[in-house]
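The values are calculated or read from the model by the stated rules, or taken from the named source; none is laboratory data. Source: prediction; values computed, not measured. A quick note on method: Cβ atoms are made from the backbone with ideal geometry, for glycine too, and the neighbour counts reach across all protein chains shown.
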Amino acid sequence: MNKKNIQINYFEEKLETMPSDDLSVLILERLNKTLKYVYKNVPFYKEQFDNARVNIDLIRSTKDLKNIPFTLKSDLVNNYPFGLFSSNLENIVRIHASSGTTAKPIIVSYTKKDIKVWAELMSRVFYACGLNKNDIAQNAFGYGLFTGGLGFHYGAENIGMTLVPMSSGFTERQFAMMNDLGVTVLFCTPSYALFLSEELPKYIKDTSKLKLKKGIFGAEPWSNELRLKIEDMLNIDAYDIYGLSELLGPGVAYECEYKNGLHINEDNFYPEIIDPKTGEVLPEGELGELVLTNLNQEAMPLIRYRTRDITSLNREKCKCGRTFARMKKIKGRTDDMVIIKGVNVFPSQIESAIFSFDFLEPVYLIELYTDNLLDKINVLVEAKSEIYNMGDKKLEDISTMLQYKIHELIGVKSKVTIVPPKTLERSQGKSKRVKDLRKKL
Ligand code: DLL
């Protein structure tokens, strides 16, 4: 979508545009407070800091953080359910859980103040995307233990938006509400937005009457190419939002109308980028794993939490006036990265290759398999029906073109299997893009 007049709105202007020196002072102040707080209240952190011989009274700058051990997802699993709580249960008003891949979920907790802070952080997101109390939002993130539903819900109510708590599923009802209520903004995963884009023509014959103008999508990696597809199919302006349950949920970082990286709510989450192999802190601009320290949470602040998400940081002031550090769109997770012939490959790179061809449907699955003891990739992708019906020769040509493009982008040869349209699974939440069929040695 073309940007016409960008009108910059802040929810908390003083904080969001704070001069960087003042922001550094605020961050250090909150960091020191948080370190003392967890040292006093969480035996896990007392032990971590003591074992690493860290004297938290001697943290004089954020650079000193590098001496503090990381917190890992396994620490949350091992301390399940209440081990990392800093507050007594009587002060906890909410629990969420992450859809972990391990048998035990990880749970996260919130005090009343945490819920308020979270709603305010989400309010910043909405203002940054140009929304206000006059908007009508359709929240198609899942409600329940997942943080998407209630995270968006409280943020939207906080600025007085009219919010329709749809959750995902029930396609017909999604479109009925969108149409009848004059919904102006949609919240969901990019996969679900794509699914709705594909279904739209079936349910709404005259789309010119729809009031939908924006979408805020997140909870999974998605490429800029997918953004353009969704924007085109739904005729909206789409924004990226990032977050994770371990640090409140959605609202850690978000795009403003310039869409030039995601602003990290830095007065609440201090970001570092590390080399995922060595743990060493990397300089600004380098790609690595995002590590976040909570600066303003009561129930369960985490220190140097390894997110496993790959991105880079930029501390230049944005054109919108916000001074918070920005991170690039997430490239993928270290867990989703596959190493093929020594090359690191992320699903999002393959997605970019696929989405550059108009004759393919924007749905794919990456299969990893073993051939002659070597790891290989098979990319399954749907051709549009008019192309699929052109016969085998056409499909072979397409497959060769895509193979070439993938090779060019990631430097690795892959197999490409063109499948009939609408045969791969569509997701109503987070998509599973990679299927690992490799033989375990
Ligand atoms: O996905 C919270 C959320 C809800 C974020 C709604 C945005 C919108 P989890 O289920 O704990 O929490 O999953 C967190 O999802 O570590 C990333 O790997 C991935 N993720 C979240 N947002 C993005 C994004 C929520 N915008 C994990 N781009 C994170 C890429 C994302 N990956």
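On the stretch given as region 269-279, residues that are away from the ligand (no atom under 14 Å from the Cβ) and of a type in the set (A, V, I, L, M, F, W, C) total 2. S74 meets all of the listed conditions (1) assigned to a helix (DSSP H, G or I); (2) at pLDDT 95 or above but one, namely (2).
Test of understanding: among L23, L31, which residue is in contact with a helix residue (DSSP H, G or I) (Cβ under 8 Å, 6 or more places away or on another chain) and assigned to a helix (DSSP H, G or I)?
Only one candidate passes the filter, namely L31.
One residue stands out among those in region 141-191 that are touching a residue at least 40 places away in the same chain (Cβ under 8 Å), within 14 Å of G215 (Cβ to Cβ) and assigned to a helix (DSSP H, G or I): the one that is farthest from the ligand (Cβ to nearest atom), which is M178. Scanning region 313-356 for residues that are within 14 Å of the ligand (Cβ to nearest atom), closer than 23 Å to T278 by Cβ, surrounded by fewer than 20 Cβ atoms within 10 Å (Cβ to Cβ) and at pLDDT 95 or above turns up just one, K328.
Considering only residues that are part of a strand (DSSP E or B) and touching a His at 6+ places or on another chain (Cβ under 8 Å), which ones fall in region 320-370? Of everything in region 320-370, just one residue is part of a strand (DSSP E or B) and touching a His at 6+ places or on another chain (Cβ under 8 Å), namely R326. Across region 180-200, the qualifying residues are those that are farther than 15 Å from D232 by Cβ and touching a helix residue (DSSP H, G or I) at 6+ places or on another chain (Cβ under 6 Å), and the one among them that is surrounded by the fewest Cβ atoms within 10 Å (Cβ to Cβ) is E199. The C-beta contact set for region 388-403 (first residue within 19 Å of K376 (Cβ to Cβ), second residue part of a helix (DSSP H, G or I), distance under 9 angstrom, 6+ apart or interchain) comprises L402/A353; L402/I354.
Is it fair to say N378 is surrounded by 15 or more Cβ atoms within 10 Å (Cβ to Cβ), of a type outside the set (K, R) and modelled with pLDDT under 90? Considered against the rule, which asks whether it is surrounded by 15 or more Cβ atoms within 10 Å (Cβ to Cβ), of a type outside the set (K, R) and modelled with pLDDT under 90, N378 comes out as no. Residues in region 107-140 that are in a strand (DSSP E or B), within 16 Å of the ligand (Cβ to nearest atom) and within 27 Å of D75 (Cα to Cα): I107, V108, S109, Y110.
Please tell me if L282 is away from the ligand (no atom under 16 Å from the Cβ), more than 16 Å from the chain's Cα centre (by Cα) and more than 28 Å from K116 (Cα to Cα). For L282, the condition - away from the ligand (no atom under 16 Å from the Cβ), more than 16 Å from the chain's Cα centre (by Cα) and more than 28 Å from K116 (Cα to Cα) - is met. Among the residues of region 230-239, those identified as surrounded by 21 or more Cβ atoms within 10 Å (Cβ to Cβ) and either within 12 Å of the ligand (Cβ to nearest atom) or of a type outside the set (A, V, I, L, M) (or both) are A238, Y239. For residues in region 399-441 being away from the ligand (no atom under 16 Å from the Cβ) and part of a strand (DSSP E or B), which is nearest to the chain's Cα centre (by Cα)? Filtering region 399-441 for residues that are away from the ligand (no atom under 16 Å from the Cβ) and part of a strand (DSSP E or B), the one nearest to the chain's Cα centre (by Cα) comes out as K435. Anything in region 208-219 that is surrounded by 14 or more Cβ atoms within 10 Å (Cβ to Cβ), more than 12 Å from the ligand (Cβ to nearest atom) and not in a strand (DSSP E or B)? List them, or say none. Those that are surrounded by 14 or more Cβ atoms within 10 Å (Cβ to Cβ), more than 12 Å from the ligand (Cβ to nearest atom) and not in a strand (DSSP E or B): L210, L212, K213. E266 satisfies every condition listed in (1) over 13 Å from the mean Cα position of the chain (by Cα); (2) within 16 Å of the ligand (Cβ to nearest atom); (3) charged (D, E, K, R) except (2). When region 34-71 is filtered for residues that are basic (K, R) and in a helix (DSSP H, G or I), the ones remaining, listed by number, are K36, K40, K46, K63, K66. Checked against the criteria, F11 counts as of a type outside the set (A, V, I, L, M) and either in a strand (DSSP E or B) or under 30 Å from D232 (Cβ atoms) (or both).
All conditions in (1) within 15 Å of the ligand (Cβ to nearest atom); (2) within 28 Å of I115 (Cβ to Cβ); (3) of a type in the set (A, V, I, L, M, F, W, C) hold for A299, with the sole exception of (1).
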